[in-house]
Amino acid sequence: MELASKDSCTDCGNCRLEQISKLNNISAVGKKCCGCTACVNVCPQKVIYMVENSEGFYYPKIVDKGCIECGLCIKSCPALNSGEFKNKTLVGYAATSQDITTSENSSSGGIFALIAREFLRNNSWVIGAKMESDYCLKHVAINHIEELEGLQGSKYVQSNMDGIIDKISELLSNGSQVLFSGTPCQVSGLKKAMKIKGIDVKNLVTIDIVCHGVPSPKFFREHVKFKYGKVSNIKFRHRTKHELNGYALGFQKSGNYKIIQPTNRDFYYACFSSQVSLRESCYNCAYTTANRVGDITLGDLSTHRLYDSYFKKDRALSIVGVNTERGKHLFGNLKNVDFIKADYLKECSVNAQMNHPTARPDERDNFYIALFQNGYSEKNADEYKYRYSFKENVKNWITLNTTPSFRNKLKKLLKSNEN
Ligand SMILES: Cc1cc2nc3c(=O)[nH]c(=O)nc-3n(C[C@H](O)[C@H](O)[C@H](O)COP(=O)(O)OP(=O)(O)OC[C@H]3O[C@@H](n4cnc5c(N)ncnc54)[C@H](O)[C@@H]3O)c2cc1C
Ligand code: SF4
Ligand code: SF4
Ligand code: SF4
């Protein structure tokens, strides 16, 4: 294979793939790796460890000479074999929880919590992403309903999967029912690992979330410590007075609940919005399509205006993709849910991350270098954060200070003036 010159290299990873095929192990996966930890789980020699890189993302490293080049790590890797397990969605629904608290504690319709509750009621296990007290997001296993709230809500940082595939293997091998919810690449890695290890997955149900990418855990950790000190109960999608499905950062500090909105006021969130802080694999993600890896897909309903009138005004809506017969059975038996059949293809065409990966901004090249070059410096990386235009600032002000019905009237008025 002829190598490109330094200037024309696009970092596609193909040269490393050639290296992989020579080595027959995962050591050269490079930036294609999405950090799912499937390779760590399947390695019979236990020589793969996840190690934090200079940007604060975890990548696998083979640490000693014990590798027998069995190639199982390569077979388990969703970054290198992304076509498997993808299903054409059978039917899509616009849906929301009948119970307002469930939906308020979630990102949109609270469908994850409704499904999880069914599992927990039946003494089964639920696996999802929980923010720990050291600001590290981790996939954890729970089997008590009181623990569910910690798993609810989108967290805009990569979750650590260390040890969780081992735990799921153990639970499934013991005959437990397991619900796993995570990004599509995590679902794919989990399924591949189970297949390679020959573990029966008849008791495993998977939810994949529509996903536009994840920033570095180290960035999030350092930002919270640097900017806010000791906080708890962090929410990335805190609902505000007039906005059900908006973005607002909320957390508890010294007895008060602080809400930061618009999110541009928070450096971490503003960098997330300008898309410069995502993991490299996210910009080439093979899972941002209409074909899905989970039994059920959950996302924030982009076409909600088509269905708003069928639901109570105070509910945010999710898109629910039912992808398999197992998913169909599960959704069909769900309690306390309001739903209506949605135009799934339309949703896929409007909801960006159901049809293409997030675009990689050129500024991504230098963002993490600037951020971490002198310890941790937000000042050095300030130029990379998203800045609202005047129009966006006006729009934000209106959203924060007026009711949805006022905004609808305003929209109609502006439209009629245009015509
Ligand atoms: C990083 C990220 C990006 C997203 N991007 C989009 C998008 O572009 N378009 C869109 O329509 N929807 C997106 N979503 C999904 C959306 O925000 C909701 O999670 C989804 O609609 C389900 O909502 P819910 O109210 O049913 O449940 P919620 O309670 O909001 O569901 C939360 C579920 O997501 C899991 N989860 C939360 N954070 C993470 C994480 N960092 N990694 C892995 N799993 C996590 C939790 O374990 C839980 O199972 C994204 C979610 C995340 C985490
Ligand atoms: S090739 Fe086999 S032994 Fe070597 S790291 Fe991969 S899984 Fe482990
Ligand atoms: S299996 Fe997962 S963690 Fe391992 S190299 Fe592939 S994507 Fe990365
Ligand atoms: S965008 Fe793709 S690679 Fe990135 S976390 Fe989401 S599913 Fe994984």
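Bear in mind these aren't lab numbers, they're just calculated from the coordinates by the rules spelled out. Nothing here was measured: the structure is a model prediction, and the numbers come from that model. Cβ: placed from backbone, ideal geometry, glycine included. Neighbour counts: every protein chain shown.
Among Lys409, Lys227, Lys197, the largest mean-square fluctuation in a Gaussian network model of the chain (Cα springs under 10 Å) belongs to Lys409.
The orientation-averaged shadow of the Cα convex hull for the chain, equal to a quarter of the hull surface, comes to 22.5 nm². With a/c under 1.5 counting as rounded, go ahead and sort region 78-224 into rounded, prolate or oblate using the C-alpha gyration tensor (a ≥ b ≥ c being the square roots of the eigenvalues; past the cut-off, prolate if a/b is larger than b/c, else oblate). Rounded, since a/c falls under 1.5. Overall, the anisotropy analysis places region 257-350 in the oblate class: the square-rooted eigenvalues a ≥ b ≥ c of its C-alpha gyration tensor yield a/c not less than 1.5, with a/b not exceeding b/c.
Take the Cα of Asn24, step 7 Å toward its Cβ, do the same at Ser389, and the gap between the two points is 5.6 nm. In plain terms, the chain from Asp134 to Ser405 could stretch by 93.5 nm, reckoned as 0.36 nm per residue minus the Cα-Cα distance.
Near Lys130, the amide H atoms lying under 5 Å from its own belong to Lys138, His139, Val140; only residues 5 or more places off or on other chains count, and H is placed 1.01 Å from N. Ranked by the mean number of other Cβ atoms within 10 Å of their residues, highest first, the peptides 90-98, 72-80 fall in the order 72-80, 90-98.
One decimal place: the segment Ile259-Lys86 gains 58.4 nm when fully extended, by the rule 0.36 nm per residue minus the C-alpha distance. On full extension, the segment bounded by Lys412 and Lys341 gains 22.9 nm, given 0.36 nm per residue less the C-alpha separation. The calculated FRET efficiency for His144 paired with Thr240, based on their beta-carbon distance and R0 = 35 Å, is about 0.70. Couplings 3J(HN,Hα) for region 218-234, derived from phi with the Karplus relation 6.51 cos²θ - 1.76 cosθ + 1.60 (θ = phi - 60°), are 5, 4, 5, 4, 5, 4, 4, 5, 5, 8, 10, x, 7, 10, 8, 6, 6 Hz, where x marks Gly and Pro.
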